[in-house]
Amino acid sequence: MAFESSPQQAQAQAPTPLSPQEFKATAEAILTNVEWVIEGKAPTIRLALAVMLAEGHLLLEDVPGVGKTQLAKALAKSVDCTVRRIQFTPDLLPSDVTGVSVFDPEKRDFVFKAGAIFGNLILGDEINRASPKTQAALLECMEERQVTVDGNTYRLRSPFMVIATQNPVEMEGTYPLPEAQRDRFAARLAIGYPDVGAELAMLDHRGEFNPLEALKPVCDGETVVRMIATARAVHLAPELKRYAVDLVNATRSNAQLKLGASPRATLQLLRCARVLAAMDGRDFALPDDIQQLAVPVLAHRLIPTAETTMGGGDSTAIVADILRHVPIVSQPGRY
Amino acid sequence: MNSQRHATLVAAASIAITLTPMLGLFSGLGWTIPLLATIAVISGSAGLVRAGGRGQGLQTLAMAGALLVLLTVGFGGGTGFLFVVPTPATFEHFANLAAAGISDIIVLAPPVEAEGGILFLTMFGVGLVTILHDMFIVGLRTPALAGLTLLTMYLVPVSVSPEATSWFWFILPAAAYLWILADDNLRRVSRFGHRFTGQGHLVGPRFPSPLAASARVSGALFVAVTLALLTIIPTNTSGLLDQVAQGYGEGDGLGDGSFGAVDPWAQLGGALNRPDTIEVARVTTDDPTPFYMRMHVADDLVPDRGFGPGDWDDVQPLDTLPYDGGDVYSATVENLELIDEVAPVYGDPVSVDLGDEWGVESETGVIRSEDSSMADVDEFSFEFTDFQFDENILAGTDPLPEDDPIRQYYTDHPGDIPELDDYVEEATAGADSDFDKVRGVLDFLSTENGFTYDEEVGNSGNDEAILNFLESGEGFCQQYASAMAWMLRVADVPTRVVIGLSKGSYDGEQWTLTSNNFHAWVEVYFDGQGWVPFDPTPGTGVSGSLNIPWDDEPDESIEEPDEGTESPTDESSASDEASGAPSEELPESPTPDSDAGAIGQSDDSGGFNPAWLSLALLAVLPLIPLLWRSALRWTRLRPKRLSAVSAWDETVDLARDYGMPVGDAQTPRQAAASLAQAVPASRAPVSALASAVELHRYSGRGALIDGLPDAVKDLRIALDKSVDQRTRFQAIFRPASLADRFSAWRERVSGRRDRKRPTLRWPRRSNAGRPGPVTGRP
């Protein structure tokens, strides 16, 4: 499949959308590529790609060694864009993230040295180990998609996506992200351990070579921008919007939750739903898309009450419960 | 209010509600005051004793005492000590009152004035029932038994006057009963535990029961079904349906005519059905073969009532009684029990030695009084001439001209009863003269034609009763006489009904007339002959009945006919030996109804019977869900209304019907997947339906609807094949989707007050945040 990707043209005017079939084919090419690296995690990869195409940021919360970094790297490599990795530590400074102006003796002026954030895909490893100050700097960039240093504003690249990871088990010496900052991540995913077959296959592959190094990009950054534009044009029916609002409202009125989902959550839910629809080759979204996304997009924003936590409940279970009860068509009694 | 006091109030109120069926028995509403007072005093005394912590024995004694004191105050007639404490004389007085009341009940037609003996008996009875009622509900805590007391209260008016007691009044006692049961159950539950909703929420004692709505619905259904059954069960008298049509309060139409206080029809029925025969009069006469004693004449025919008194005001003094020749006999009547405002006389009276307040109704020949009654007369004498007619003369008499006022008045009848016309057609086929028609009708009503005498038949002569009589062939003199007169009027023969006394038994000196001698017969007007009596009732049924000579087939007469004038009072002729030796037999016990009689015969007339309509409706009842569901499907799938959404609604309902429910929170895709998993054959149609509704709802472009009805059909076939017989049956005859619809509708309608809670119901939310004085889980 040939893509007319001319960088000059694309910068000059709005990106031309792809047809649904092209979108689907490209998305599947990327998924196949990434799956080659991370076996048996197709749904997670699919959601990660959806978040990327929805211009959201992803929080990977899982134990070490399940492939969080691999996923981020494979994704970045597949779309042929720059990957920057920031290993968060308590002594990491905000300027390490954003960049810093240094004095250039030759020019006799301050020159901006771009930080790690200036890339297409930023992998923030163990984000909860950085000091709140540094976390805040990163999160600001995530939301604004720009960096301001010494009064100069620098736009970040597009596509721009932060994939942050954190370890949910070992919490000693960490600075857990506050709710306001967790809310900036479009979705939280857990990769989880591979099943037996996938793990065996992995052993076979990795014995010979590192698949990540052999990975070839299947599309460029330009195509990704066009895909983003395409996804934005996916039709959202009023019933569907209503369903999303009902879901979010249900989290707000749920007695087991101290804090419900924000309006930003609604926005991102629908944005991701559009991408999923487009990845399915559709130009309209379905409640099924929303249901797939509800747990990743909503769960990390919710705070269960103390009673629920003590009773062994967590927000994932509550969202799943809400999904089981909120009617698809919002009419009190169809009859 | 503590629960016992509450129960006492419920008991009193429920028994008070049950007084309503008596509305038809008494005139006015004044009687309610003493009865309500009785209930209040008895319940109050029970409540007081209970409040004092005394046991059931003392409570009952207190109630009985209260009733006794109340009766002594009200009816003691001053015999009580200090007017309050009854003395032996008081009880004697009570006994007299009761006896008077009983005889009043037998003779008087409802509605009656509630006074004297009747009121005494009523108060006494209601008092006893109230005591039992209170005991059952409050003291013994067996509210189910209260059904007996309520039934007793309802049976009193029903047995006294089935006509005047509409089935409608059964609803109130039934509702009162349900109230008692519900209240007691509430009391029981509140005492021993907590109430729960179906979801397990606790409900505080002050809150309405969450299940009350269902209980009310099932209660109402129960009452409705009971009434429906009552309505359709055919009875040997007039069915309850007749009274539906008749309405409440019209059933007493007989009592408000100019017959006076005593309704002769009621008196007739009551007297004939008396368990103990009493003597009503003794007559001494020198006529060897006296005829029946005429008392009342019923010449006004109204469908709802049958024959009743005409509106005759022209009462002439007794000395205007004419004499037109013939042998004059004399008779002396010793009155024992008669209280009518008319005097019984033989034949055509020539003179009657009653006072000035008595006169003769010139049109009917009835001896009556406006101001006095037979109750004031112990004995009177009169002179009379006997009826004498010849059948050959009668057979040769031409009908009155059509414009003759007598013919016009006495053939007046309601014209819209085709069944009756058929009977008349059958009876009078080939008859030319009036006499032929009379003979035809007499033959038609004869025992040979299958008619039998039966006093068990209700005391009614209205159109329904007459038709029943003609169909079933069972009735007594009221039906015989009314039917004959009615049929003759239909056949344009001037006719009226006469009520009086048959001859009674002769002991060589006196004719003794008993309550069994009350009788009704027919008089037919013949031009030039006057009013000629005929008796259609078979002789075996009537004590002291008479074989009327002109009743028989005409043959060679021995008598010279008397050419009388036209006046009703001037037929007279010489006494004859006639054929009529008084038959001395007692009334035969009525032939037992063959049970097919009342039920089976009522439908082969081809006439419309509402009972069968009800039965048909009842038969259709189980099919209603099926029909409704089919109609719903048809509406959804008919081309005009068809859309992807309506087809999907049908899909969801189908899945529900076949026991594979689709949740509200399931997307069409998920629903289709789960259905396809359960029934692989349904995969194709349900996928088509699901993608259609997806496109319709979410694509913004709409969906193609071609083939959707077929897909629904395929789906239905697939589902139908996949389930067992029982599920299939349920899906067709008791579709679950309809039940869901119904309960959703009921929830909407019931308009619960706590509706504001979120639309979602969380099973696990327990009682957190719910108001109510709940002290903890039991």
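Using a/c under 1.5 as the rounded threshold, could you call chain A rounded, prolate or oblate? The axes a ≥ b ≥ c are square roots of the C-alpha gyration tensor eigenvalues, and prolate needs a/b larger than b/c, oblate otherwise. Verdict is rounded for chain A. Summary value for segment A:12-233: 34 percent relative contact order, contacts being C-alpha pairs under 8 angstrom separated by 6+ residues. Within the shell defined by Cβ-Cβ distances under 15 Å, the residues around residue B:276 carry a net charge of -2, with Lys and Arg each +1 and Asp and Glu each -1. For residue B:437, the lysines whose Cα comes closer than 28 Å to its Cα, not counting residues fewer than 8 places off in the same chain, are B:503. Dividing the mean sequence gap of close Cα pairs (under 8 Å, 6+ apart) by how many residues segment B:629-756 holds gives a relative contact order of 29 percent. Summarising the amide proton neighbourhood of residue A:131: residues at separation of 5 or more, or on other chains, whose placed amide H is nearer than 5 Å comprise A:92. Compactness ratio for segment A:1-145: Cα radius of gyration over 2.2 N^0.38 Å (N = residue count) comes to 1.23. Based on C-alpha pairs under 8 angstrom that are at least 6 apart in sequence, segment B:330-442 has a relative contact order of 26 percent. The label-point distance for residue A:174 and residue B:13, in a model that sets each label 7 Å from Cα toward Cβ, rounds to 6.6 nm. In order along segment B:123-133, phi translates into HN-Hα couplings of 4, 4, x, 4, x, 4, 5, 4, 4, 4, 4 Hz, rounded to whole numbers, per the Karplus curve 6.51 cos²θ - 1.76 cosθ + 1.60 with θ = phi - 60° and x for Gly and Pro.
When only alpha carbons of segment B:3-193 are considered, Rg and Dmax amount to 17.1, 56 Å. Computed from Cα atoms alone, the Kirkwood hydrodynamic radius reported for segment A:142-199 is 14.9 Å. In terms of the Cα gyration tensor, with a ≥ b ≥ c the square roots of its eigenvalues, is segment B:80-148 rounded because a/c is under 1.5, prolate because a/b exceeds b/c, or oblate? Oblate, since a/c reaches 1.5 and b/c is not below a/b.
Cross-link partners of residue A:113 among aspartates and glutamates, defined as those whose alpha carbon lies under 18 angstrom from its own and excluding same-chain residues fewer than eight positions apart: A:96, A:104, A:150. For a paramagnetic label modelled on residue B:223 (point 7 Å from Cα along Cα→Cβ), amide N atoms under 19 Å away belong, within segment B:176-191, to B:176-186.
Let a ≥ b ≥ c be the square roots of the eigenvalues of the Cα gyration tensor of segment A:267-335; is it rounded (a/c under 1.5), or, if not, prolate (a/b larger than b/c) or oblate? Oblate, because a/c is 1.5 or more while a/b does not exceed b/c. What the Kirkwood sum gives for segment A:214-333 is a hydrodynamic radius of 15.5 Å, with every pair of different alpha carbons counted.
Straight Cα distances below 25 angstrom link residue A:241 to the lysines A:24, A:258, B:756, with same-chain residues fewer than 8 positions distant left out.
When chain A is treated as a GNM with alpha-carbon contacts under 10 Å, the residue of A:199, A:172, A:126 showing the greatest mean-square fluctuation is A:172.
3J(HN,Hα) couplings calculated from phi for segment A:270-278 with the Karplus curve 6.51 cos²θ - 1.76 cosθ + 1.60 (θ = phi - 60°) are, in sequence order, 6, 5, 5, 4, 4, 5, 4, 4, 5 Hz; Gly and Pro show x. Our coupling estimate for segment A:45-61, obtained by passing each phi through the Karplus curve with A = 6.51, B = -1.76, C = 1.60 and θ = phi - 60°, is 4, 4, 5, 4, 5, 4, 5, 4, 6, 8, 6, x, 10, 10, 10, 9, 10 Hz, Gly and Pro reported as x.
Taking the convex hull of the Cα atoms, report for segment B:642-762 its projected area averaged over all directions, in nm². Result: 8.9 nm². Residues of segment B:634-680 whose accessible area (probe 1.4 Å, heavy atoms of protein chains only) drops by at least 50 Å² once all protein chains are present, relative to their chain alone: B:664, B:665, B:667, B:669. Considering only B:76, B:146, B:106, the residue lying farthest towards the positive end of the dipole of segment B:45-155 is B:146, judged by Cα position with unit charges set on Cβ. Taking 0.890 mPa s as the viscosity and 25 °C as the temperature, the Stokes-Einstein diffusion coefficient of segment A:95-200 based on its alpha-carbon Kirkwood radius rounds to 156 µm²/s.
With all protein chains kept in place, the per residue accessible area of segment A:12-233 amounts to 46 square angstrom at a probe of 1.4 angstrom.
Excluding ligands, DNA and RNA, the accessible surface per residue across segment A:234-330 is 36 Å² with a 1.4 Å probe. Less than 5 angstrom separates the built amide H of residue A:187 from those of A:57, A:59, all sequence-distant by 5 or more or on a different chain.
The values are calculated or read from the model by the stated rules, or taken from the named source; none is laboratory data. Everything numeric here is computed off the predicted structure, so don't read it as measured data. Using ideal geometry, Cβ is built from the backbone for each residue, glycine included, and neighbour counts are taken over all protein chains shown. The accessibility values were calculated without ligands, DNA or RNA, using every heavy atom of the protein model including side chains. Shrake-Rupley method; radii C 1.70, N 1.55, O 1.52, S 1.80 Å.
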